[in-house]
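Some notes on the structure that comes next.
The values are calculated or read from the model by the stated rules, or taken from the named source; none is laboratory data. These numbers come from a predicted model, not from an experiment. Every residue, glycine among them, receives a Cβ derived from its backbone with ideal geometry; neighbour counts consider all protein chains shown.
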Amino acid sequence: MITSVGRRTPACNILLLTGLVLFACSNPAEVEDRRQTLFVEAFLSPGVDPEIHLQETIAPERYYEGLEAPVSGADVLLRSQERTVSLEERADRPGFYQVPHATMPVEEGQTYYLTATHGDRQLRAQTTVPMRAPVTRIDGDTISYQQSSANAFGELLHPGQFFWDRSSTAAGYIIIVEAEWVSSLGADAEPLTAELDTIVARRERLEGIADADSLVVLDERIRALESYFARNISLQGPDGRTAQWLRDRDQEDWEELAEDADSRGELWRDQRDELYWGRVIDYWIPADTLRSDFWWFGVRFTGDYRITLQSADANYFDYYTTAFNGQSGADGDAGPIFHTEGGLGVFGSFSADSFTIFSRRQD
């Protein structure tokens, strides 16, 4: 998906990729392959280094290879009224182009123009960064959750609400609620979990056959992968504070993952999936609305939650509210709205304000 305040990519990224795969593979039986189309994913925000994710739609014969088709070696230019810069491709992530914020500052009210050229294909788009909507009042700072066998979601006192001043230029607002004591990884970590299983199986086969130095190399790689997963797929937050699931049955299911998994890789995959989809929720608010309840229904863990109010431009907001209409699947006739020329995707922007609340089990 899907960063909020520089940390999390907006949730629409998975929807975007899914929609574009279907676009590219709508008629796999045709004689001539459809020419693959450039598509972009980028969200500019003040104080955050601009990063452009450039890919292409997937050819039908590559559909089952995965959803990623990064475009490397492109010329990616970002222009403002004062300057034009060429973005560098990240060595560790093909298709990701970035520039330091100090070189290309992103400011509220400013318009930015993107040109991405790859061979004879060129994608163009522009965005004007909305003015920030400051949070002005917060009623309540704690979500208190009570277990109840009669109610699958327990009993919860109304946790509160918050208000903000209108952004004069935002097309709408997107609210992101993120568990700060919980960490997870995206789907790109799945191949690493498979690698762990492969190396463990190889280590078992070579035990007593290979020399000790060969086994040491495998052991070091296993430890490195396990350490990486332990740091990034975790219920342990800053200063060693550990989160729990709010519902007893969710906590029990979490603890049973270790019993049900057939391998270490499978355990990390299961835990990653549970935390990735459980730690963050987001929803959209029309531009004429200036308040929201705490979105407690999706809060799953004890600990600190950061609530971020994004003032989104039309590119970002139009896509987010039309890509499956908030994941309802009701966009089959028209599909997502893209504000791009010569390609597909989202080149949007937002400004943000945020605050923290605490979630706890009351019983």
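Some points to look at:
For (1) part of a helix (DSSP H, G or I); (2) at pLDDT 95 or above; (3) closer than 17 Å to PHE163 by Cβ, each residue gets a yes or a no:
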residue: TYR283; (1), (2), (3): no, no, yes
residue: SER292; (1), (2), (3): no, no, yes
residue: SER311; (1), (2), (3): no, yes, yes
residue: TYR316; (1), (2), (3): yes, yes, no
residue: TYR320; (1), (2), (3): yes, no, no
residue: GLY326; (1), (2), (3): yes, no, no
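- Matching residues in the range 184-221 - criterion: being over 27 Å from the mean Cα position of the chain (by Cα), assigned to a helix (DSSP H, G or I) and of a type in the set (A, V, I, L, M, F, W, C): ILE199, VAL200, ALA201, LEU206, ALA212, LEU215, VAL216, VAL217, LEU218
- Selected residue (criterion: surrounded by the fewest Cβ atoms within 10 Å (Cβ to Cβ)) from residues of the range 39-59 that are in contact with a Ser or Thr (Cβ under 7 Å, 6 or more places away or on another chain) and closer than 24 Å to LEU309 by Cα: PRO46
- Scope the range 116-150; condition surrounded by fewer than 16 Cβ atoms within 10 Å (Cβ to Cβ) and within 15 Å of GLY172 (Cα to Cα); matching residues: PRO134
- Residue check: LEU67 meets all listed conditions (1) modelled with pLDDT of 80 or more; (2) of a type in the set (A, V, I, L, M, F, W, C); (3) under 22 Å from the mean Cα position of the chain (by Cα) but one, namely (1).
- Odd one out for LEU275 among (1) crowded, with 16+ Cβ neighbours inside 10 Å; (2) outside any helix (DSSP H, G or I): (2)
- Members of the range 145-162 that are among the polar types (S, T, N, Q) and either at pLDDT below 85 or in a loop (DSSP other than H, G, I, E, B) (or both): GLN146, GLN147, SER148, SER149, ASN151
- In the range 328-363, of all residues being surrounded by fewer than 19 Cβ atoms within 10 Å (Cβ to Cβ) and on the phi > 0 side of the Ramachandran plot, the one that is modelled with the lowest pLDDT corresponds to GLY329.
- Apart from one condition, ARG132 fits all of (1) part of a loop (DSSP other than H, G, I, E, B); (2) modelled with pLDDT under 95; the exception is (2).
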